[in-house]
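Student: I'd like to ask you about the structure that follows.
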Amino acid sequence: MKHLLFATSLLGLGICAVTPRADAQTPDKKWGLSGYVSTLQYRGDLGSNFWDARNLNYGGGITLSRYIYGGLDLNLSANQGAMYFPADGSSFTGTGNAATNNRRFYANMSTFGLGFKFKLFPKSPVVPYILLQPGFAYIYTNRYANGSTVNSRTNYGSFDGQAGLGLDFHLTPGFGIFVQAGQHYLAAPDDRLDGVAGSDDSFWDRYDRYMQFSAGLTANFGKPKDTDMDGVPDRKDKCPDTPQGVKVDENGCPLDTDGDGIPDYQDKCPDVKGIAALQGCPDADGDGVTDADDKCPNTPAGVRVDATGCPLDADGDGVPDYLDKCPNTPAGVKVDANGCPLDRDGDGVPDNEDRCPDRPGPASNKGCPEIKAEQKKILNEATKYINFDFNKATLKPSSYTRLDQMVAILNEYPDYSLSIAGHTDSKGADDYNLRLSYERAASARKYMLDHGIPAERIEARGYGETKPIASNATAAGQALNRRVDFDPYLTGEANAAEVKYGPAPSIAEIRAAGQKLPGKKTTGTGAPRSRKAPVKAPAKAPMRKK
């Protein structure tokens with residue numbers, strides 16, 4: 001009768017062939033300690049009870065195993081067992097030439113072996129294996145014949161070689177059961193177990209042997225190597241150098257919650273897919289600024305941006321550079337939609353450079369309209385037509401027509417101012433002439449102010465006899481030197497009179513300072529006589545009254 005364990009082995013092999021592979025955790029828990037019970041079945045010179053379940057002999061043992069690699073374990077085993085043959089005193093047919101009637105023996109055996117366990121399908125939940133185990137047996141035996149003891153209490157040591165088949169059932173990573181069927185072959189210097197020599201038998205039957213059927217429990221223990229201490233053993237760890245404290249997945253790699261390829265511990269935005277360049281944070285418009293910090297999240301591709309993610313505006317005019325057709329506009333200058341300085345009057349001169357931003361004019365005149373030639377002539381020749389009472393600052397009525405013309409011109413060109421400069425000839429005292437030049441300039445200014453020209457647009461000053469345009473040695477020259485000049489200039493530009501004649505305080509400045517006009521007050525009755533030698537005027541020379 002075949003032993004039940006053999007049938008179990010065949011069933012286990014069938015299960016293993018159809019069961020999906022599973023991790024038995026043996027590489028993680030490299031050490032195993034097994035305890036088991038055994039039944040022993042003798043075969044030798046006295047007979048055989050192989051595959052006979054009657055009158056079984058029993059034993060037990062422990063095994064310490066060490067995982068080497070997926071298909072091999074090393075076992076260190078210790079077994080203890082007792083064998084009676086025949087256990088009930090009955091007779092068995094002997095083998096070879098030995099007479100077996102009324103002969104029997106009792107043996108107490110301790111065996112020790114270093115086994116090589118070759119595993120098939122090591123990742124299966126049921127692992128079949130082959131065991132080859134050389135070892136040593138220490139045997140204490142008594143032998144009996146016809147009721148008498150023969151060679152009583154013989155103690156000896158013997159080579160013990162075992163070959164077996166087994167099945168490991170991995171119930172949990174740390175616990176399993178196993179069944180095993182193996183045959184021991186005892187090779188001593190002589191045939192001692194049953195006391196009957198078998199030297200004339202075949203080599204295989206020359207020495208005694210026995211079968212051992214075992215079943216037991218195995219506890220696996222040991223700590224798998226985990227270099228980075230992330231809880232995933234090195235053999236399964238695809239990221240074995242993970243920094244300590246970093247959470248990992250089942251493969252031992254740092255968690256990447258958003259699946260963007262940047263581990264959570266390095267990802268500043270672990271719940272949203274991002275890019276490595278921004279430490280895992282998203283950048284929808286690709287401008288290099290994270291969406292969370294981007295004040296302009298829809299910037300067109302390729303546009304340079306500032307630290308806030310908005311398009312660069314180098315000149316700070318409110319129009320981004322990529323739209324700015326005038327990217328170097330000075331700070332504070334108002335611009336149009338294209339980023340160019342405003343030109344309200346469309347004259348090609350931007351408002352920031354245009355002295356007349358609401359009236360078109362050429363750039364040569366700073367954007368202001370130029371006074372027409374005939375009007376310039378009126379202004380330039382006005383000095384010929386502005387006359388005063390003799391030795392006084394009172395305008396003669398003949399002057400009104402030309403003054404009215406100048407008022408009209410100033411009204412037509414509101415961006416211009418007018419400089420009035422009074423002059424005298426050299427007759428009379430210097431301080432008297434200076435005051436008279438101021439008063440005559442002031443009289444012309446007052447007329448124009450009275451006719452609606454704003455005071456800030458007309459400056460008047462006197463130069464006395466200091467700026468002659470002709471020689472005072474002749475009556476004709478003196479007549480030319482007695483004049484009032486009228487010079488237009490763009491408001492804000494240098495005063496025309498000061499450009500021609502040099503600085504002199506204006507009437508407005510003198511009065512603002514609370515001072516009197518310079519020079520000696522005029523009497524209105526004629527200039528005081530000068531001590532200068534009189535100059536005889538040439539005949540027929542034109543002469544203007546003072």
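The values are calculated or read from the model by the stated rules, or taken from the named source; none is laboratory data. Bear in mind the structure is a predicted one, so any value in this text is a computation, not a measurement. Cβ coordinates were reconstructed from backbone atoms using ideal geometry, including for glycine residues, and neighbour counts include every protein chain displayed.
Student: Among the residues of segment 469-488, how many are more than 15 Å from residue 385 (Cα to Cα) and in contact with a strand residue (DSSP E or B) (Cβ under 6 Å, 6 or more places away or on another chain)?
Tutor: 1
Student: When the residues of segment 129-141 are narrowed to those that are more than 28 Å from residue 70 (Cα to Cα) and touching a Leu at 6+ places or on another chain (Cβ under 8 Å), which ends up modelled with the highest pLDDT?
Tutor: 137
Student: Right, another one. Any idea which residue in segment 262-316 is farthest from residue 327 (Cα to Cα), counting only those that are among the hydrophobic types (A, V, I, L, M, F, W, C), assigned to a loop (DSSP other than H, G, I, E, B) and in contact with an Asp or Glu (Cβ under 6 Å, 6 or more places away or on another chain)?
Tutor: 272
Student: Which ones in segment 414-454 are touching a helix residue (DSSP H, G or I) at 6+ places or on another chain (Cβ under 8 Å), of a type in the set (Ser, Thr, Tyr) and either surrounded by fewer than 22 Cβ atoms within 10 Å (Cβ to Cβ) or assigned to a strand (DSSP E or B) (or both)?
Tutor: Listed by number, the residues that qualify are 416, 417, 419, 426, 447.
Student: Scan segment 358-389 for residues that are under 15 Å from residue 416 (Cα atoms) and in contact with a Gly (Cβ under 7 Å, 6 or more places away or on another chain) and jot them down.
Tutor: The answer is 360, 361, 367, 368, 369, 370.
Student: Hey, can you tell me all the residues within segment 142-175 that are farther than 24 Å from residue 220 by Cα, among the small types (Gly, Ala, Ser) and at pLDDT 90 or above?
Tutor: Within segment 142-175, just 161 meets the criteria.
Student: Being at pLDDT below 85 and either assigned by TED's automatic domain parsing to the domain that holds residue 46 or under 21 Å from residue 155 (Cα atoms) (or both) narrows it down to one residue among 234, 208, 226; which is it?
Tutor: Within the list 234, 208, 226, the selection yields 208.
Conditions (1) in contact with an Asp or Glu (Cβ under 7 Å, 6 or more places away or on another chain); (2) in the same structural domain as residue 458 (by TED's automatic domain parsing); (3) more than 19 Å from residue 443 (Cβ to Cβ); (4) of a type in the set (Gly, Ala, Ser), marked per residue:
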residue	(1), (2), (3), (4)
369	no, no, yes, no
386	no, yes, no, no
397	no, yes, no, no
412	no, yes, yes, no
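Student: When both residues are 6+ apart or on different chains and their Cβ atoms are under 8 Å apart, which pairs have a first residue that lies in segment 227-240 and is of a type in the set (Ser, Thr, Tyr), and a second that is modelled with pLDDT under 85?
Tutor: 227/234
Student: Just one of 241, 249, 258 is within 26 Å of residue 171 (Cα to Cα), outside the structural domain of residue 139 (by TED's automatic domain parsing) and either in contact with an Asp or Glu (Cβ under 6 Å, 6 or more places away or on another chain) or surrounded by fewer than 15 Cβ atoms within 10 Å (Cβ to Cβ) (or both); which is it?
Tutor: Residue meeting the stated conditions: 249.
Student: Now for a separate question. Anything in segment 364-378 that is among the basic types (Lys, Arg) and over 55 Å from the mean Cα position of the chain (by Cα)? List them, or say none.
Tutor: 372, 376, 377
Student: Here's another thing I want to ask about it. If you check residue 333 against the conditions, is it in contact with a Leu (Cβ under 7 Å, 6 or more places away or on another chain), among the aliphatic types (A, V, I, L, M) and either modelled with pLDDT of 90 or more or surrounded by 14 or more Cβ atoms within 10 Å (Cβ to Cβ) (or both)?
Tutor: Judged against the criteria, residue 333 is not a match.
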